[in-house]
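Colleague: Shown below is the structure under consideration.
The values are calculated or read from the model by the stated rules, or taken from the named source; none is laboratory data. Note that this is a predicted model, so its numbers are computed, not measured. With ideal geometry, Cβ positions are generated from the backbone for all residues, glycine too; neighbour counts draw on all protein chains shown.
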Amino acid sequence: MEITVGFREIGFFSLFVLIIVLGIYVIITLKNLNKTLQNFNKVIENNQNTIQQTVALLPNVVKNIENITTNVDEKVNNIGESLPKIMDNVSEITEDIKDGVEKVGVTVETLSDGLSETVVTIKEGSKQGTTYIKIALEMIKGIIQIFTRSK
């Protein structure tokens with residue numbers, strides 16, 4: 001007894017396996033999403049009283065901010081004679097900030113070097129993933145061509 005397996009059967013089998021793999025991935029993703037939503041609901045339920053208290057306090061907070069703004073406006077209007085001293089202090093603060101910015105620049109350079117190395121590593125890993133995706137797409141194209149030729 002001889003069994004012949006054609007390209008069409010191989011195509012159907014490959015498509016079937018691909019659908020099963022995608023189905024399993026979707027089920028796992030939905031399961032994880034459901035767990036996350038359940039945890040979120042538990043957090044909301046556990047903190048419902050705190051949330052309600054916070055919302056109830058918002059009008060008082062707005063009134064306090066309004067009072068603070070009014071007080072700041074009054075102080076700014078009264079500050080006219082202290083302005084030269086403030087300008088001196090601002091000048092000193094500016095110098096301190098300049099020094100801080102230089103230190104931040106050095107830190108950013110160090111971080112940039114580390115991030116560049118990380119990006120290169122990720123890029124190399126993504127090339128492998130892209131290759132797998134290209135292979136899968138080529139298989140799908142071949143399967144589609146088999147189906148379109150057989151009609």
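Colleague: Among the candidates Ser82, Ser14, single out the residue that is among the hydroxyl-bearing types (Ser, Thr, Tyr) and in contact (Cβ under 8 Å) with a residue 24 or more places away in the chain.
Modeller: Working: Ser82 fails: in contact (Cβ under 8 Å) with a residue 24 or more places away in the chain.
Just a single option satisfies the conditions, and that option is Ser14.
Colleague: Does at least one position in region 60-70 carry a residue that is at pLDDT below 80, loosely packed, with under 10 Cβ neighbours inside 10 Å and either over 30 Å from Ser14 (Cβ atoms) or touching an Asp or Glu at 6+ places or on another chain (Cβ under 8 Å) (or both)? Before the answer, list the steps.
Modeller: Within region 60-70, the subset at pLDDT below 80 is none.
No, because not a single residue in region 60-70 is at pLDDT below 80, loosely packed, with under 10 Cβ neighbours inside 10 Å and either over 30 Å from Ser14 (Cβ atoms) or touching an Asp or Glu at 6+ places or on another chain (Cβ under 8 Å) (or both).
Colleague: If a residue must be out of contact with any helix residue (DSSP H, G or I) (no Cβ under 9 Å at 6 or more places or on another chain), β-branched (Val, Ile, Thr) and surrounded by 10 or more Cβ atoms within 10 Å (Cβ to Cβ), how many such residues does region 71-89 contain?
Modeller: Within region 71-89, the first condition is being out of contact with any helix residue (DSSP H, G or I) (no Cβ under 9 Å at 6 or more places or on another chain), and the residues that meet it are 71-78, 80-89.
With β-branched (Val, Ile, Thr) added as a condition, the list becomes 72, 76, 86.
Pick out the ones that are also surrounded by 10 or more Cβ atoms within 10 Å (Cβ to Cβ) and you get 72, 86.
The number of residues fulfilling the criteria is 2.
Colleague: Would you pick out the residues in region 1-48 that are in a helix (DSSP H, G or I) and among the acidic types (Asp, Glu)?
Modeller: If the condition is that a residue be in a helix (DSSP H, G or I) and among the acidic types (Asp, Glu), then Glu9, Glu45 are the ones that fit.
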